[in-house]
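The values are calculated or read from the model by the stated rules, or taken from the named source; none is laboratory data. Computed from a predicted model, the values in this text were never measured in an experiment. Neighbour counts are summed over all protein chains in view; Cβ atoms, including those assigned to glycine, are modelled from backbone coordinates with ideal geometry. Accessible surface is based on the protein model in full, side chains and every heavy atom, while ligands, DNA and RNA are left aside. Shrake-Rupley method; radii C 1.70, N 1.55, O 1.52, S 1.80 Å.
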Amino acid sequence: MSGIQSSLGPVTSVIGAQWGDEGKGKIVDILASEYDVIARACGGANAGHTIVVEGEKHVFHLMPSGCLHEGKQIVLGSGLVIHLPTLMKEIETLEGHGISILDRLHISNAAHIVFDYHKEVDGALEESRPQPIGTTKRGIGPAYMDKAARTGVRMERLGKDLSKEMQSRVSSIKKIYGVDVDVETELKNIAEAQEKIGHCIIDTVAYLSEARTTGKSILIEGAQAVLLDIDHGTYPFVTSSSTTLAGALQGLGLPPMCVTSCIGVAKAYCTRVGEGVFDTEAEGGAQERLRERGGEYGSTTGRPRRTGWLNIDQLNIANATNGFTHWNVTKLDVLDEEEVIPVMINGKLEELAGWKSNTAGITSFDKLPESAQAYIKRIEAETGVSVGFIGTGPGREEMITRT
Ligand code: IMP
């Protein structure tokens, strides 16, 4: 064990503590170099992570952010729902950058396939709701509906002849949702995927178990975030999977007691994309200022994100369901211009002092302005969890590490 891993231990999880888009990709990217296996557990192409490496932006939806690290083993676990053309495109992007992936990608045979028609159904369901959820329209909900109804198609069936089954779905989907299924395209996508990734489909539970018991380290990359959890989030404005640490362990088939650390990732402020409650949503100029300074536009849909202030009560709820060992507070520098910074604590919006100076790129806690240090210490005092990592800019190196 070396570097940060010596304090985090061999099985570390990174979990979003707000409504997603906290910037989990960056801490994963930093940690990935120290872990052998990087595993994604749940969700699908509704996620979108942007990573900046040497000034170049990479956006992925299915692949974990850690995939950029050559030589690391990548696992897509059983809890995932996988849209095959999206996965093919991401593999092509990696290969286009000279990063080989097919020799180190392990996809669960129990993960479910998202078909194009799931996306259409997602759109149709949204239109039929009195109050739409504002989904990413990536077919996530409908794919999990099929999974729960036990009518889903799992990755293990990629090499089988699915033409009859697909044909029989056509009429029922048309009848229920008014959506046409392009069977030819769906079958073509399956055939292309089988050719390219057929050899990557394995029993990932056995793979992870073997890795763990032979001393390999595992980094679990959570997707979405706690407040979007199907059970513990702001239902019904949530996603369709379990986004907590427990959900990730279930999605990967890892035993709960193996986890050695769990990093909760929270922005220094808060954003939400899609509909639903947002108690600390900013108004007027502040909403716009946070959006522009933080570049708050959805990486999957391009939608402008709703922006607002940190809600420490929600961080406490997120901690209650995950048991974080550390926080990673991201994008602290986005608050640099604020005179005062409202923060929700015990149901009240309290105004903390801003620092009105540049923190971008600072890599040592002592160099932060006093009010910025006080801001971080307040998070620690109110949650009882230490802030081990503080993001001060988009680059991999713009991070204060305090483990
Ligand atoms: P779905 O997951 O596409 O069904 O969308 C359900 C809700 O979760 C919507 O409010 C989405 O905007 C939100 N959502 C899903 N994935 C993400 C994500 O990765 N980041 C932020 N919001 C997300």
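Summary of values
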| item | result |
| --- | --- |
| Amide hydrogen neighbours beyond the local backbone of residue 43, cut-off 5 Å, H modeled | 81 |
| Within the chain, longest stretch free of exposed GluC sites (Glu not before Pro) [DSSP loop, at most 12 other beta carbons within 10 Å] | 71-282 |
| Point-to-point label distance, residue 320-residue 283, nm (Cα→Cβ direction, 7 Å offset) | 2.9 nm |
| Percentage of interatomic Cα-Cα distances in the chain larger than 29 Å | 42 percent |
| Euclidean distance between Cα centres, the stretch 110-186 to the stretch 211-228, Å | 28 Å |
| Of all accessible heavy-atom area on the chain, the percent that carbon and sulfur account for (1.4 Å) | 49 percent |
| Per-residue HN-Hα couplings for the stretch 39-50 [Karplus 6.51, -1.76, 1.60; θ = phi - 60°; Hz; x = Gly/Pro] | 10, 9, 10, 9, x, x, 7, 6, 6, x, 10, 9 |
| Other-chain or far-sequence residues with amide H under 5 Å of residue 16's (modelled H) | 226, 265 |
| Cα→Cβ-extended label distance, 7 Å offset, between residue 209 and residue 377, nm | 4.9 nm |
| Over the stretch 112-198, volume per residue of the alpha carbon convex hull, in Å³ | 93 Å³ |
| Karplus-derived 3J(HN,Hα), 6.51/-1.76/1.60, for each residue of the stretch 194-200, Hz, glycine and proline x | 4, 5, 7, 10, x, 6, 8 |
| Solvent-free Debye scattering, log10 I(q)/I(0), computed from the Cα coordinates of the stretch 116-264 at q = 0.09, 0.20 Å⁻¹ | -0.38, -1.30 |
| Cβ charges +1 (Lys, Arg) and -1 (Asp, Glu), total dipole of the chain, debye | 720 debye |
| Debye intensity ratio in log₁₀ form over the Cα atoms of the stretch 164-209, taken at each q of 0.15, 0.27 Å⁻¹ | -0.58, -0.91 |
| Under 13 Å, Cβ to Cβ, from residue 45 - net charge with Lys/Arg +1 and Asp/Glu -1 | +2 |
| Residue-normalised accessible area of the chain, given per residue in Å² at a 1.4 Å probe | 40 Å² |
| Rg/Rh ratio calculated on Cα atoms of the stretch 249-344 (Kirkwood radius) | 1.03 |
| The stretch 122-246, dipole about Cα centre (Lys/Arg Cβ +1, Asp/Glu Cβ -1), debye to the nearest 20 | 200 debye |
